[in-house]
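The structure under discussion appears below in the form of structure tokens.
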Amino acid sequence: MQTCHSNISGSTWGYIVKACLVHLDDANEEVQIAVFNMLKAAADINSKDILEEAQIALNKQKYPRLCQELVRYINDKNETS
């Protein structure tokens, strides 16, 4: 996994992304929205890793709507780049 910052190792970045995706599936909508916005910002820096992990998380989430939106956001962003 690539990192968004030279001081963050690939494994640390991967852990952060996976942890955020867990919270994207939180029962609290405010938490979901905050994490969604953070993941969108992270995807603007490193969309490849966020997209890969989000696609994996889609099949595991109880509330997949925002994860689906995140995947769509990244795919749309990559198409226009």
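Hydrodynamic estimate: the Kirkwood radius of the chain over Cα pairs, inserted into Stokes-Einstein at 4 °C and 1.567 mPa s, corresponds to D of 103 µm²/s. Determine the shape class of segment 15-59: with a ≥ b ≥ c the square roots of the Cα gyration tensor eigenvalues, call it rounded for a/c under 1.5, and otherwise prolate if a/b is greater than b/c, oblate otherwise. It comes out oblate by the Cα gyration axes. For Leu70, neighbours were defined as the other residues whose beta-carbon sits under 13 Å from its Cβ, and their charges (Lys and Arg +1, Asp and Glu -1) total -3.
Can you give the local net charge around Ile56? Use residues other than it whose beta-carbon is closer than 12 angstrom to its beta-carbon, Lys and Arg +1, Asp and Glu -1.
So the surrounding residues net to -1.
Work through the residues other than Gly10 whose Cβ is under 15 Å from its Cβ and net out their charges, Lys, Arg +1 and Asp, Glu -1. Around Gly10, the charge tally is -1. Rounded to the nearest 20, the Cβ-based charge dipole of the chain about its Cα centre (Lys and Arg +1, Asp and Glu -1) stands at 140 debye.
Comparing Glu30, Glu69, Glu53 in a Gaussian network model of the chain (Cα springs below 10 Å), the most mobile by mean-square fluctuation is Glu30. Here is how the number arises for the chain: DSSP H runs of 4 or more residues each give -39500 (n - 2.57), the sum is divided by the residue count, and the result at 222 nm is -24000 deg cm²/dmol.
Taken together, the values in this text are just the output of simple stated rules run on the coordinates, not laboratory data. Quantities reported herein were computed from a predicted structural model and do not represent experimental measurements. Glycine also receives a Cβ, built like all others from the backbone with ideal geometry; neighbour counts cover every protein chain displayed.
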